[in-house]
Structure formats: structure tokens, C-alpha cells
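Student: Shown below is the structure under consideration.
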Amino acid sequence: MTSLALFDPDLDEAGPTTASPGGPAPAEVASAAALESFRATKHKSLNFGLGVDSTALALAVIDDPSSFGVAEDFSDFSVVTAMTGFEFPDTIADVENYVLPLFREKGIRYTQVARAGRPDSAGVEVLSDTTNPGKVFSKGSWTLMDELEENGTVPQYAGGHVCSQKHKAWTIDRLQLQRAGGQTVGKLFGYNADEHKRAVKANKFQAKRNKEAGYATFAVDYPLLRLGWDRKDVQGYVKDRLGVDMSKSYCPV
């Protein structure tokens, strides 16, 4: 597996893809319309969670940016990671050793952010923002553990992974909306073919935010779902491309 044909030029004429067990057909979350909406944006980005799925997607963009409508010099594209303060050391090491060198080689802007404090009013802390990244800054001033210790609780999953929403999604969205100045931001997520339900939920959440904002804040797309690649496919692609077995990113709490 040495290449990744992300986009079918006849996607508009193609019929629905067969659904995987437990989730809708990829066309419901990775349609031709979603693809074109992403390509039309002036600010394109990848939510990089440090794990194997988002790494596979990052590699695909690096290898063939034009397939995404990304500029060949990556001038309209950036990669963003929200740091919770809880990533395994081997995850960080893999990214520093195998992924960051590619960002440097291509001059891709890589931003690492974290919550600056418990209340939203504290804003976002930028840990690193550079086209020459060499280090993963695993935590900022306010970590997930700070939140848990202050609340005397454990990570909250009911109702849509509250911890992830507060320390990852909110942080990245806040940064990107500030940068875009009212323009729609194109956003890629590395959900694989086993994660249809996550994409459906994310799309519903995005539709709600667009309605509240009065415009399309983000144009969201899920290329791995379009391909129908499951975790095994993704791991095989990354292993073939980088020569390393990467795992899914996890918070060890």
C-alpha cells in the first residue's frame, strides 16, 4: 500500500457506499458536497490528534495536496493539535521522530494549543506555532488533570465526551475562528470507517453551531470515511509510509 487515492472524480455520480455494521454509509458523512465545500475554503486545516488515524490523513495531504484542493506550497493549510496534558510518551515520540520532520520539510504550519484556564473567558494558550516544529508540547497552563482534580471527578463521556469537547474541540475551534476572521474554515478529521457514528454526531453538532453563528463556521470533511478505510487499513498505510507501528492516541485517564 503505497498510494492513497482519496477522491473519486466521479463521486457525484457514484451510488451510496455500503454501510459498515453499526454506522451509516460513508456518503452520509463524506459527501461530494462536503468535499467541495472544504476545497472552496481559503483556510484549510487538519485536526491532528497525534494518533495513527490523523497521521494517515496528514501523510495523504503531504503526499498529494492537490487532491484536497490544498496549495502545493501548503500556504492555505495548517495542522492544529489541542493538548490535554495526557498523552503517552511513545505517542509523542512517534510524532516527534516521524511526523514533525515531514512538516518541517514541507513548511507546513503546525500549531499546538491548550486551554489557558478553566473558564472559557481565559481563552486559548498557544504553545507553539511554527513551520519548523521540532517538539510536541504535551501540556499547557490548564490541563485535563487540573480540571478533574478541581472537580473531584473522572473523565465525562456521557453526552458526547465532555472532556474532549472542552479541552480539544473548543480550543481548536476558538483558535481557528479567530484566525479566519469570519470566513469559513475547512476542517479535516481523521475518523476511520469504524467511526461513522462519531462523524454523524460531529456533523449534527456542526450544523447547530452554524445555525447559532448565522454562517458556515467550518466546512467539515472525513476523507478516511470516504475511502472506507478501517483501523487496520490506516495502520497498514502508516506502517508502509513511515516504517513504524503507530497506535491510536489515547488520554491515559
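The values are calculated or read from the model by the stated rules, or taken from the named source; none is laboratory data. Source: prediction; values computed, not measured. Note that we place each Cβ from the backbone using ideal geometry, even for glycine, and neighbour counts take in every protein chain shown. These area figures cover heavy atoms from the full protein model, side chains too; ligands, DNA and RNA do not enter into them. Shrake-Rupley method; radii C 1.70, N 1.55, O 1.52, S 1.80 Å.
Student: Please go through (1) of a type in the set (Gly, Ala, Ser); (2) surrounded by fewer than 17 Cβ atoms within 10 Å (Cβ to Cβ); (3) modelled with pLDDT under 90 for Ser164 and return the number of the only condition it doesn't satisfy.
Tutor: Here Ser164 meets the rest and fails (2).
Student: Ok, one more. Restricting attention to segment 45-76, which residues are in a strand (DSSP E or B) and either open to solvent by less than 10 Å² (accessible area, probe 1.4 Å) or of a type in the set (Val, Ile, Thr) (or both)?
Tutor: Ser45, Leu46
Student: Further question on the same structure: Can you tell me how many residues within segment 91-140 are under 15 Å from Gly49 (Cα atoms) and free of Cβ contacts under 8 Å to residues at least 12 places away in the same chain?
Tutor: Final tally of qualifying residues: 1.
Student: With respect to Thr143, determine if the residue is of a type in the set (S, T, N, Q) and modelled with pLDDT under 90.
Tutor: When the stated conditions are applied, Thr143 passes them.
Student: Looking for something at pLDDT below 90 and among the charged types (D, E, K, R) - is there at least one such residue anywhere in segment 171-188?
Tutor: No - not one qualifying residue is present in segment 171-188.
Student: Now for a different question. Hey, can you tell me all the residues within segment 1-44 that are in contact with a helix residue (DSSP H, G or I) (Cβ under 8 Å, 6 or more places away or on another chain), at pLDDT 80 or above and in a helix (DSSP H, G or I)?
Tutor: Ala32, Leu35, Phe38, Arg39 - these are the residues of segment 1-44 that are in contact with a helix residue (DSSP H, G or I) (Cβ under 8 Å, 6 or more places away or on another chain), at pLDDT 80 or above and in a helix (DSSP H, G or I).
Student: Same structure again: I'd like the full set of residues that are open to solvent by less than 40 Å² (accessible area, probe 1.4 Å), assigned to a loop (DSSP other than H, G, I, E, B), under 26 Å from Leu242 (Cβ atoms) and of a type outside the set (A, V, I, L, M, F, W, C), limited to segment 97-138.
Tutor: Matches in segment 97-138: Gly107, Pro133.
Student: Evaluate segment 237-248: report whether one residue or more is over 23 Å from Ser78 (Cβ atoms), open to solvent by 60 Å² or more (accessible area, probe 1.4 Å) and modelled with pLDDT of 95 or more.
Tutor: Yes, segment 237-248 contains at least one residue that is over 23 Å from Ser78 (Cβ atoms), open to solvent by 60 Å² or more (accessible area, probe 1.4 Å) and modelled with pLDDT of 95 or more.
Student: Across segment 197-229, what is the number of residues that are surrounded by 15 or more Cβ atoms within 10 Å (Cβ to Cβ), among the acidic types (Asp, Glu) and more than 17 Å from Arg39 (Cβ to Cβ)?
Tutor: 0
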